[in-house]
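A quick write-up on the structure given underneath.
The values are calculated or read from the model by the stated rules, or taken from the named source; none is laboratory data. Because the structure is predicted, anything quoted here is derived from the model rather than measured. Glycine gets a Cβ as well: all are built from the backbone with ideal geometry, and neighbour counts include every protein chain shown. Ligands, DNA and RNA are excluded from the accessible area calculation, which covers all protein heavy atoms including side chains. Shrake-Rupley method; radii C 1.70, N 1.55, O 1.52, S 1.80 Å.
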Amino acid sequence: MTQNIADCRKDFPALQQNISGRSLVYLDTAASAQQPAAVIDAVAQYQRENHANVHRGVHTLSHRATELYEGARDKLRAFINASNRTEIIFTSGTTEAINLVAQSYCRPILGAGDQILITWLEHHSNIVPWQLVCEQTGAELIVAPINDDGEVGLDELYALMSDRVKMLAIGHVSNALGTVNPVRRIVERARQHDIPVLVDGAQGMPHMAVDVQGLGCDFYAFSGHKMYGPTGTGVLWGREALLEDMPPYQGGGDMILEVSFDNTVYNELPYKFEAGTPNIAGVIGLGAAVDYLQSLGMEKISAHEKHLHDYMVNKLESVDGVRLIGTADEKASVQSFMLDDIHPHDLGTILDNQGVAIRTGHHCAMPVMQRFGLTGTARASLGLYNNTDDIDCLVVALEKAREIFA
Ligand code: PMP
């Protein structure tokens with residue numbers, strides 16, 4: 001495993017292959033990051049040597065599995081600076097984490113006249129769970145607008161804050177446009193109205209050091225596979241006092257202390273929210289991803305990606321016919337664009353034929369697309385393993401696409 005960002009590409013087995021006869025250029029990290037060998041090996045080693053169910057066993061393998069699983073919780077606690085390991089709830093991803101909060105925190109307290117506040121920038125995972133809970137309770141979903149650069153209008157957002165709002169749910173970084181929201185400032189403002197804040201950190205965690213106490217929010221949700229860990233893993237961080245008061249989200253094994261037909265006593269945090277056999281292998285892999293990120297250093301990763309992002313934007317601007325979508329001042333690692341009137345899916349296919357992987361479509365953020373009068377965009381997104389050569393290849397591939405469509 002390398003300690004140097006410039007050399008870290010070799011840590012990623014999937015990046016050592018040719019696609020369409022060319023060295024793979026992977027510019028789709030916002031959809032899912034490739035995994036370093038350290039993560040793949042941690043999962044494989046667990047499966048080969050240590051697999052058993054966690055928590056309940058008295059035998060050696062169960063102890064080992066429990067230690068590794070709970071060890072990952074400790075790593076995640078430290079990584080996001082949570083004050084207590086009880087605040088780290090393992091979920092299947094950001095989506096489940098947000099649904100958990102919508103159903104367990106919001107549903108019991110919402111009624112007609114109450115509001116949930118989100119923004120136009122959100123991923124469907126930070127829209128639909130709130131729509132569901134609004135349907136269930138008679139509450140109303142209200143949405144703060146974004147401007148032509150893809151930034152949330154802070155005055156408009158603040159104007160929507162009132163004592164009717166029972167939750168503000170906002171993305172840290174937009175997956176469609178790359179906009180970084182000024183979360184700390186927004187949380188401070190929400191505090192003045194006693195509005196709890198959930199941050200969708202799916203695109204925040206991979207790109208910057210996240211300190212949940214520093215941000216001041218109440219819940220922070222993220223996915224393992226966006227931060228170089230396995231799919232099917234994620235975390236809900238929540239303030240202990242809030243989590244304590246919330247009812248379980250799902251019932252089943254492990255989330256109870258005692259069960260009888262008359263009365264069931266729920267387990268303590270965090271187990272109250274982890275019903276059933278968890279994704280043990282995945283969580284252990286996620287712990288290894290945290291080790292990997294820490295070995296490189298989140299500050300260094302951010303600086304590397306910022307440099308690359310600026311390089312990418314400059315290069316894209318130099319391609320005739322490119323129109324950038326999402327031009328906020330504060331951006332992280334993602335650039336959406338259109339090339340002439342080429343359909344993004346056609347563009348994505350032509351790029352794939354040149355070994356360049358980008359994402360095309362609505363990026364699970366249809367309202368963002370509607371805001372720009374589009375059905376979809378092409379999106380290049382960066383990870384810590386990318387370099388300027390990757391971006392040069394993207395530009396060459398785009399120029400080739402223009403020739404094909406000329
Ligand atoms: N929010 C954002 C901003 C995302 O980018 C994503 C994944 N594209 C999600 C939520 C949902 O994450 P997952 O599918 O891993 O639950």
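Looking only at segment 59-84, which residues are closer than 20 Å to residue 202 by Cα and either among the aliphatic types (A, V, I, L, M) or part of a helix (DSSP H, G or I) (or both)? Break it down stepwise before answering.
Initially, segment 59-84 is screened for residues closer than 20 Å to residue 202 by Cα, giving 72-82.
Hits for segment 59-84 are 72, 73, 74, 75, 76, 77, 78, 79, 80, 82.
I need the full set of residues from segment 359-384 which are over 18 Å from the mean Cα position of the chain (by Cα) and closer than 25 Å to residue 298 by Cβ, in order please. The answer is none; no residue qualifies.
Only residues that are open to solvent by 20 Å² or more (accessible area, probe 1.4 Å), within 16 Å of the ligand (Cβ to nearest atom) and of a type outside the set (A, V, I, L, M, F, W, C) were counted across segment 193-226, and they come to 2.
For residue 248, the test of being more than 16 Å from the ligand (Cβ to nearest atom), open to solvent by 10 Å² or more (accessible area, probe 1.4 Å) and in contact (Cβ under 8 Å) with a residue 24 or more places away in the chain is passed.
Here the condition is being open to solvent by 10 Å² or more (accessible area, probe 1.4 Å) and closer than 28 Å to residue 8 by Cα; of 327, 349, it holds for 349 alone. Taking the criterion of being in contact with an Asp or Glu (Cβ under 9 Å, 6 or more places away or on another chain) and over 14 Å from residue 401 (Cα atoms), the residues of segment 332-356 that qualify are 332, 333.
Answer with yes or no whether residue 288 is open to solvent by less than 20 Å² (accessible area, probe 1.4 Å) and modelled with pLDDT of 95 or more.
Details: open to solvent by less than 20 Å² (accessible area, probe 1.4 Å): yes; modelled with pLDDT of 95 or more: yes.
It is true that residue 288 is open to solvent by less than 20 Å² (accessible area, probe 1.4 Å) and modelled with pLDDT of 95 or more.
Looking at segment 188-216, which of its residues are over 16 Å from residue 82 (Cβ atoms) and more than 15 Å from the chain's Cα centre (by Cα)?
At the first step, the residues of segment 188-216 found to be over 16 Å from residue 82 (Cβ atoms) are 188-196, 200, 202-203, 206-208.
Answer for segment 188-216, where residues must be over 16 Å from residue 82 (Cβ atoms) and more than 15 Å from the chain's Cα centre (by Cα): 188, 189, 190, 191, 192, 193, 194, 195, 196.
Among residues of segment 355-364 being in contact with a helix residue (DSSP H, G or I) (Cβ under 7 Å, 6 or more places away or on another chain) and open to solvent by less than 20 Å² (accessible area, probe 1.4 Å), the one that is nearest to the ligand (Cβ to nearest atom) is 361. Does residue 9 satisfy the condition of being in a helix (DSSP H, G or I), at pLDDT 95 or above and within 19 Å of residue 207 (Cα to Cα)? Spelling it out, residue 9 is indeed in a helix (DSSP H, G or I), at pLDDT 95 or above and within 19 Å of residue 207 (Cα to Cα). Go through the residues of segment 270-289 one by one and say whether even a single one is under 20 Å from residue 86 (Cα atoms), without any contact (Cβ under 8 Å) to a residue 24 or more places away in the chain and in a loop (DSSP other than H, G, I, E, B). Scanning segment 270-289, I find no residue that is under 20 Å from residue 86 (Cα atoms), without any contact (Cβ under 8 Å) to a residue 24 or more places away in the chain and in a loop (DSSP other than H, G, I, E, B), so the answer is no. Which number in (1) under 22 Å from residue 326 (Cα atoms); (2) assigned to a loop (DSSP other than H, G, I, E, B); (3) away from the ligand (no atom under 16 Å from the Cβ) marks the one condition that residue 163 misses? The failed condition is (1).
All of 203, 213 fail the test of being among the polar types (S, T, N, Q) and assigned to a loop (DSSP other than H, G, I, E, B), apart from 203.
Mind checking whether some residue in segment 380-402 is within 16 Å of the ligand (Cβ to nearest atom), in a strand (DSSP E or B), under 27 Å from residue 121 (Cα atoms) and touching a residue at least 12 places away in the same chain (Cβ under 8 Å)? The answer is yes, given that some residue of segment 380-402 is within 16 Å of the ligand (Cβ to nearest atom), in a strand (DSSP E or B), under 27 Å from residue 121 (Cα atoms) and touching a residue at least 12 places away in the same chain (Cβ under 8 Å).
Put simply, of 264, 233 the only residue that is open to solvent by less than 60 Å² (accessible area, probe 1.4 Å), among the hydroxyl-bearing types (Ser, Thr, Tyr), over 20 Å from residue 169 (Cα atoms) and within 16 Å of the ligand (Cβ to nearest atom) is 233. Scanning segment 98-130 for residues being away from the ligand (no atom under 15 Å from the Cβ), on the phi < 0 side of the Ramachandran plot, of a type outside the set (A, V, I, L, M, F, W, C) and surrounded by fewer than 23 Cβ atoms within 10 Å (Cβ to Cβ) gives a total of 7. The set of residues from segment 243-274 being more than 14 Å from residue 90 (Cβ to Cβ), more than 25 Å from the chain's Cα centre (by Cα) and of a type in the set (D, E, K, R) comprises 245, 258, 262, 268.
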